[in-house]
Structure formats: C-alpha cells, structure tokens
Amino acid sequence: MKLQHYSFSLLAISLNFANAQVQINSDDVYAPGTYQIATAKTGGFNIGTSGENKVWDFSGLQKDQTYNFNLSAYQSSGNKPDANFIRTEGTDTFEYIKKSHSTMYEIRSIVNFSEINYYPIQYLQFPMAYNHSIMDSIDFIYYYKGSDLGVDKDSVRLVYHEHKNTIADAWGKLKLPNGEYDALRIKTTDKFKLYMEGKSGSESWAHVDGYDYDESITDYNWYTNNKGTVLATYNVESDAMNFMVSANIGIKHRAPNENGVCFLNPMSEAWKVRNPGKKEITIRLYDGTGKTVKQENLLPESELIMNTSYLNNGIYYMETIDSDGIKQGFKVMK
C-alpha cells in the first residue's frame, strides 16, 4: 500500500471591530483544573440572536447527567501529537490542544491503517473579543491500491477537507443555576467532507460512489474570565445544552491514554485492523441504532482481517476497550 498525505492550513483571517464588553484570554478558555459539567434535561433552548448586551437566562436548567473532566499540561514526544494540553475523563484522553498566549489549536487525529497522523486546526486567537473571527482548514489525501478497499480500480485516493469558522458573535449576561456571568459567546461551524476517487491505468481520477461523507456541526460556547473552561455549550444539530456545575482550577499533570488502533477508513469488504500497542483490545462495531454488528478481540502487536462484506454502506461507530477498561470511540465509513 502506498501512503501519501498532504496537509496545509489556510490560516487566519482575523478581524477586530468594536471594543467588546467582555474579552477573554487563553487561560479563560483552557486552564489546568478539574471541572464538573452537566447535561440539561430538556431541549428547545432559546439561545437568542447575535449582538451586544444580550441576556441569556438559563438559570432554570435542570441537570440530567453530570460528568467530571480534567484539563492538564502535556508534553509531546516521538510520534505523539504536537500539543501542550489534554482533556481527560478518568483514564481516557478525549482532546489534545496546543495553545499559547496568542493562539489555540485543536489537534485532529486522523487514523489510517498504517499510522495515526495529527493535524492542528486553529480555534481561537487571543485576546478574543466581540466580532473577532478566525477561519482555518485542513486538507489531505491518502492513496491506496484499489484492492485494499475492495474497489475495482488500480488506485484509489481518499480526499478529506475540514473547514472551521469561529466568530465571537455576542456578549452579555449569562445566567446559570450556579450564578451569573459577564460572558462572551463564540459560535463555531465545522464542515467535514470526505470522498473517494479511483482510476486504472492512464485514466483520469474519477469519483467513486458510495463513500461520500458531508457533515456540518455548529456549536455555541459561552466563556467568562477566570473560570478556566467553557461555561455552557449548545449544539444546534442535537439541540443539546451542557453547562458548568463547578470548577477547581489548578491540578497536576495527568498521563493520557494513548493506546490506539489503526484501521482502514472507509472499511473494505475484508477490513484490516491493527493493534500496535502492548495491551489486548476488544473491538465493538455498531450501527447508528446502537446495534452491535461485529465484535472481536485483538492481541497486542497484531492485526486481524474482519469480514464486513455483509454490512450495508453507511456510517458505523467503533468502540475499543483495552485490558485496563480504557475506551476510545471512532466513526467509520463503509
């Protein structure tokens, strides 16, 4: 299998307009500490419009579930992501961040059969104020033999594009069950696109049907000064609201979980999965309804080929659990 990739960032259109009532810095957004967040019970939230001097009254929110997470310093090395902060929940690592006093990047992990690659995409610039906006993107291409993915072509390539647009679209007073805050609201829109092209011999690259993925995700995040993380988050697509219950800023470094698996994505009829780590892993593949369609055990430093020819094309979800009970989740196409 021949593997190549191209990665670049179309970076940073940054506009500063009027002075904002609320201005945040890097430690307001991501500071070492332990935090408790709750999911709200009901939907139908009124988040209002963009603009100045707004009032968002979420003081009546009721907790459905609560969970704790930690933001910690992180030191990268070797083939690990170029990051200096991580988010962990228990022993699971959910997020890598690289930030300074002036910028903050989210680190995307792109899993391929032979390796895991990490790509930074810019989220914020500091100080962040009303009407301040940032745009960034990631593009890359993976090349395969057609037989690797069960495609009747000599060669195929997967083309991936992600575009992220961030704007501080409002400021005002945020009311939560645990208090009132002068807050800056930040709207982010992530657009993801993946498609496949194939060719044989001297043919030109042509689109291969059945492997298209096109998704847009919009979140609203409220931040204030000296709280170390987001106060509240609203996701448009799921009509879901999370809000802060408590914050305890200042904890020591925690070791992240970095036991990963490598696999072909999208999956082929005979799907290869590799465990490069030192622990046995259980793999569970399930569909959009939560039904398990495949489950296998994978020994340390080994690989297996799973028959997935009977599965319909679409989006699936893979959960891995190692011998210590540490879980990771992935989205997989077929």
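What follows draws every value from the coordinates through simple rules; no lab data is involved. The model shown is predicted, which means the values in this text are computed figures rather than measured ones. Please note: Cβ atoms are built from the backbone with ideal geometry, for glycine as well, and neighbour counts cover all protein chains shown.
Expressed in nm to one decimal, what extension gain is obtained for the pair Met135 and Asp212 from 0.36 nm per residue of sequence separation less their Cα-Cα distance?
Working: separation 77, 0.36 × 77 = 27.72 nm, distance 2.39 nm.
Extra length from Met135 to Asp212 when fully extended: 25.3 nm.
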## Note on the structure
With R₀ set to 25 angstrom, the calculated FRET efficiency between the beta-carbons of Ile249 and Asn84, to the nearest 0.05, is 0.90
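Can you check what the net charge comes to around Glu215, using other residues whose Cβ is under 11 Å from the Cβ of Glu215 (Lys, Arg +1; Asp, Glu -1)?
On the way: positive: Lys191, Lys193, Lys331; negative: Glu162, Asp190, Asp212, Asp214, Glu237.
Its environment carries a net charge of -2.
With +1 on each Lys and Arg Cβ and -1 on each Asp and Glu Cβ, how big is the dipole of the chain about its Cα centre, in debye rounded to the nearest 20?
Values: 33 positive and 40 negative charges, 100 e Å.
In debye, rounded to 20, the chain gives about 480.
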### Query
By count of other Cβ within 10 Å, fewest leading, how are Val293, Val208 ordered?
Val293, Val208
### Task
Could you work out the relative contact order of segment 291-334, using alpha carbon pairs under 8 angstrom and six or more residues apart, expressed as a whole percent?
31
### Query
By how many nm would the segment from Ser76 to Lys193 grow when fully extended, if each residue of separation counts as 0.36 nm and the alpha-carbon distance is taken off?
39.2 nm
### Exceeding the 22 Å Cα-Cα cut-off - candidates Lys193/Lys334; Lys193/Lys278; Lys80/Lys191; Lys63/Lys164; Lys193/Lys331; Lys98/Lys334
Lys193/Lys278; Lys80/Lys191; Lys63/Lys164; Lys98/Lys334
### Summary
Here the net charge surrounding Met318, from other residues whose Cβ is less than 14 Å away from its Cβ (Lys, Arg +1; Asp, Glu -1), is +4
## Note on the structure
Mean separation of Cα contacts under 8 Å (at least 6 apart) over the residue count of the chain, i.e. the relative contact order in percent, is 19
